[in-house]
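See below for the structure under consideration.
Please treat every number below as a calculation from the coordinates, not as lab data. Predicted model, so just to flag it, every value in this text is computed and none were measured. For neighbour counting, all protein chains shown are included, and Cβ atoms are generated from backbone atoms with ideal geometry for every residue, glycine included.
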Amino acid sequence: MGNLTVSQDNITDNNMDKSADKSADKSVDKSAATSMATTDISLQLNEIVQEYANADGPVTRVIDGISLSFDKPTINMLLGPSGCGKSTLLHMMGGVRPFGVQSPTSGSVHINGEACDGPHDDAVMVFQRYANRPDLTVYENVAFPFRLGLWKKKFPEAEWKKRVDDILEAVGLTDKKNLSSAQLSGGQNQRVALARALVLRPRILLMDEPFGALDAQTREEMQQLLITLHKTSPCLIVFVTHDVTEALLLGDRVIVLSTQPAKIADDFEITESRPRSAVWQRSTEAVTMQERVLSQLHKFSAGRGTLRVTI
């Protein structure tokens, strides 16, 4: 097994047991988390072009010559109008390729200097649909990767069991480990999905709007949990979002794409340390960044797509 895809299901009840959700910030096991990921990582996208054939003749160009370089264990936020190709780029970074389509049409993706033409052991993906199996307990869902191919052969039982115990402690779900996904809130289910990804201790974590379907309070709790986990176990994160406020709250770097065919409209770094206070979020610096992002999105999207600014 190479890349593990971890997704998120539709959220129907985000209000169950919020007090348990909040407890995770206090329950990170630092000794386990420190070894969760290594910091020596390089991800390169070189002149990526993606085109799709149309039945009536001309091809549709979705991505138009994008080059990006990531070489630090930072959180990198990727924004752009709906349908501009953000998720397509994210899939390429993880080696996920659609069936029957050449992807990318031209250009290349490299991880640590080697071409990434398919699933890669260093890259794990987390999507908005978390896909926790209803027939498995929380513990069994988090441990599921160790049933499969490479990971089953790579780790002895004692080691993967310790990993599962450690990550459940880190995300605050130790007391829920024997419950099924149907007995959890939306936020708790997303914690399970995040734990299933992090239990592999990836060097690259690719996140496609993982908190987009959550209510505002639960989304904020998950954002703070991600900040805590990344601080204790740094890895390279590329995080797709439509929420400008979320991008400024989480990101070390913000990359803005134009509408199709997507080009890089803006790319800047944020030096303010995390967690970023409400005072900073209302500061001239933060407001200027927000206006900068919105200006680029409106300029290139011409009213198309979906944007969100959290108040």
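A few remarks follow.
- A straight chain from Val59 to Glu272 at 0.36 nm per residue would run longer than the Cα-Cα distance by 72.4 nm.
- Under 20 Å from Lys299, Cα to Cα: aspartates and glutamates that are on another chain or at least 8 residues apart: Asp64, Asp243, Asp266, Asp267, Glu291
- You can think of it this way: the chain between Lys231 and Gln281 has 16.0 nm of extra reach, that is 0.36 nm per residue less the Cα-Cα gap.
- Total charge dipole magnitude, the range 199-286, about the Cα centre, Cβ charges on Lys, Arg, Asp, Glu only, Debye to nearest 20: 320 debye
- For the range 120-125, 3J(HN,Hα) per residue [Karplus equation, 6.51 cos²θ - 1.76 cosθ + 1.60, θ = phi - 60°, Hz, x = Gly/Pro]: 10, 4, 7, 10, 10, 10
- Across the cross-link table entries Lys86/Lys176; Lys154/Lys263; Lys152/Lys231; Lys154/Lys177; Lys161/Lys231, which are compared at the Cα atoms, the separations over 30 Å belong to Lys86/Lys176; Lys154/Lys263.
- Distant-in-sequence amide contacts of Asp208, defined by a placed amide H-H separation under 5 Å and a gap of 5 or more residues or a different chain, comprise Val126, Phe127, Gln128, Val240.
- Student exercise, the range 157-311 dipole from Lys, Arg, Asp, Glu Cβ charges, in Debye to nearest 20: 200 debye
- Amide H contacts under 5 Å for Leu257, placed H, 5+ residues apart: Leu79, Gly80, Ala265
- Under the convention that each Lys and Arg Cβ holds +1 and each Asp and Glu Cβ holds -1, the size of the dipole of the range 89-230 around its Cα centre is about 360 debye.
- Within the range 63-167, chymotrypsin sites (Phe, Trp or Tyr not before Pro) in DSSP loop having at most 16 other beta-carbon neighbours inside 10 Å: Phe99
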